[in-house]
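The values are calculated or read from the model by the stated rules, or taken from the named source; none is laboratory data. All figures in this text were calculated on a predicted structure; none of them were measured in a lab. FYI the Cβ positions are ideal-geometry reconstructions off the backbone, even for glycines, and counts take in every protein chain you see.
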Amino acid sequence: MFEQLTFRLNYNNADFSDLVIPAGDREVLRGLAGEIAEIAQRPVMQIRRKLWTDHNALKPTRPLLLCDPENGWNEIIPDEDIQCSNSIARHWEGFLRKQVFWGNRMHDDYIVEARFDVPMVYHPRTWGVAGASRAATIQKYDEKGGAYHIECVLDDYAQLKDITKPELNIDYPTSAAVLDLAREILGDLLKVQQHTIWYWSVGMTDEYVFLRGMEKLLYDFYEEPDGIHQLMQILTDGMMERLDFLEAHDLFSLNNGMDYVGSGGIGCTDELPGPDFDGHVKTRHMWGHSESQVTLGVSPEMFAEFIFPYQKKLMERFGLTCYGCCEPMDKRIDIVKTVKNLRRVSCSPWADKRFMSEKLGRDYVYSLKVSPSPLAVPHMDEELVRAQLRQHLQDTRDNCVELLMKDNHTLGRNPRNLTRWVEIAREEIDSM
């Protein structure tokens with residue numbers, strides 16, 4: 001099973017030691033690429049592009065729909081459907097099959113482009129503590145839908161002096177060879193380009209938990225307030241250095257087109273990269289994103305004192321920015337709205353939808369995460385789904401709203417749940 005990331009697969013899990021793609025694999029890949037090139041030419045794709053551009057500019061549009069079922073993709077496109085044998089080709093095939101599914105069967109507002117992004121091959125080193133008695137847990141998305149224990153390594157704040165910063169160990173020769181290989185096989189059918197997602201969020205609290213542990217973090221707000229500030233500053237400095245490194249080495253790519261931004265939504269905008277863009281991508285030319293799901297159990301006052309000031313410094317580096325994921329934002333929205341370049345705000349299933357509607361108005365994109373729970377059973381309760389969607393649309397009728405289906409750990413082994421959800425959502429939008 002593939003490790004599913006937002007809109008894509010984790011290509012770093014591929015075996016890049018074998019760059020020989022057999023003829024049969026090439027035939028499979030080219031067949032799928034040809035389908036994608038045809039889908040991308042359909043007039044509906046340009047209609048969707050304008051919808052997203054207007055939506056992100058806070059202009060009136062109908063509610064937009066976007067589905068990225070994450071681990072549910074492993075039930076839509078199971079391993080046995082992957083025909084290629086080479087490891088790299090299998091990952092490429094998985095991505096291409098997702099595009100074909102989006103174009104032919106999903107019928108949400110995803111934009112299929114005649115484009116194939118090839119990320120650079122790199123081996124990240126995470127935050128650590130020199131001399132720690134335990135190895136740090138590597139954060140990952142479990143493709144089998146399970147869980148894992150975090151083996152924290154920062155036992156005491158006296159160890160702050162021993163913290164080791166993360167590194168991006170980039171394999172430039174292999175990255176260039178893989179890009180050339182993709183262009184050789186697919187370049188006459190799709191626009192093949194190097195495009196790497198180096199991180200998801202600049203929120204830093206996930207990294208905090210992987211150093212300190214969830215339970216210790218929560219106690220620290222009371223017992224070690226100075227330690228929290230010190231560690232947040234270290235994490236902020238480290239993230240600033242990463243962003244500086246990526247800028248200095250021209251490793252960023254624009255994300256103002258058919259790109260996943262925030263914790264849901266497509267980045268189409270003519271406000272970025274901005275008038276000062278000279279071809280070298282800086283953070284100010286891009287969408288950014290921050291969140292702090294792991295601190296949802298702390299008060300807004302503690303969040304405002306210990307967490308958000310550090311996140312804000314990073315968020316303000318970007319041209320436009322997003323905030324939030326699964327944490328209920330209704331208790332934090334006034335704090336987060338102090339960021340002047342904020343454009344997209346997450347509203348999770350646990351947030352007060354009406355309250356968020358009042359707070360966001362038409363000044364922000366209202367990124368509404370619809371609960372994936374009804375899709376997790378073999379036979380979806382369609383009346384429940386319809387009632388929930390109808391209520392959501394009623395609650396957000398005065399907002400720039402997007403309805404997102406994501407965070408699916410399973411589709412009840414019934415992919416039809418997903419496409420039927422889209423059909424019901426469209427029916428409810430059309431009936432408004």
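When Ser371 is tested against the conditions (1) in contact with a Lys or Arg (Cβ under 9 Å, 6 or more places away or on another chain); (2) surrounded by fewer than 18 Cβ atoms within 10 Å (Cβ to Cβ); (3) polar (S, T, N, Q), the lone failure is (1). Is one or more of the residues making up segment 354-362 of a type in the set (Phe, Trp, Tyr) and buried (at least 23 other Cβ atoms within 10 Å of the Cβ)? Checking segment 354-362: not a single residue is of a type in the set (Phe, Trp, Tyr) and buried (at least 23 other Cβ atoms within 10 Å of the Cβ). Among the residues making up segment 272-309, those that are out of contact with any Lys or Arg (no Cβ under 6 Å at 6 or more places or on another chain) and among the polar types (S, T, N, Q) are Ser290, Ser292, Gln293, Thr295, Ser299. Take the residues in segment 385-432 that are in contact with a helix residue (DSSP H, G or I) (Cβ under 7 Å, 6 or more places away or on another chain), of a type in the set (Val, Ile, Thr) and not in a helix (DSSP H, G or I); name whichever of them is nearest to Lys59 (Cα to Cα). Result: Thr396.
The residues in segment 390-427 that are of a type in the set (A, V, I, L, M, F, W, C), more than 17 Å from Gly72 (Cβ to Cβ) and crowded, with 21+ Cβ neighbours inside 10 Å can be counted, and the count is 2.
Note on segment 281-304: among residues that are hydroxyl-bearing (Ser, Thr, Tyr) and either under 29 Å from His195 (Cα atoms) or in contact (Cβ under 8 Å) with a residue 60 or more places away in the chain (or both), the one that is surrounded by the most Cβ atoms within 10 Å (Cβ to Cβ) is Ser290. Quick one: in segment 166-196, which of the residues that are in contact (Cβ under 8 Å) with a residue 12 or more places away in the chain and more than 26 Å from the chain's Cα centre (by Cα) is farthest from Phe245 (Cα to Cα)? Only one residue tops the list, namely Leu189. Of all the criteria given as (1) in a helix (DSSP H, G or I); (2) under 30 Å from Ser253 (Cβ atoms); (3) hydroxyl-bearing (Ser, Thr, Tyr); (4) without any contact (Cβ under 8 Å) to a residue 60 or more places away in the chain, the one not satisfied by Tyr199 is (1). Checked against the criterion of being surrounded by 15 or more Cβ atoms within 10 Å (Cβ to Cβ), polar (S, T, N, Q) and modelled with pLDDT under 95, the candidates Thr6, Thr53 yield just one match: Thr6.
The set of residues in segment 387-422 being of a type in the set (A, V, I, L, M, F, W, C), touching a His at 6+ places or on another chain (Cβ under 8 Å) and farther than 17 Å from Ser346 by Cα consists of Val422 alone.
Within the span defined as segment 73-92, one or more residues are modelled with pLDDT of 95 or more, more than 17 Å from Glu184 (Cα to Cα) and aromatic (Phe, Trp, Tyr).
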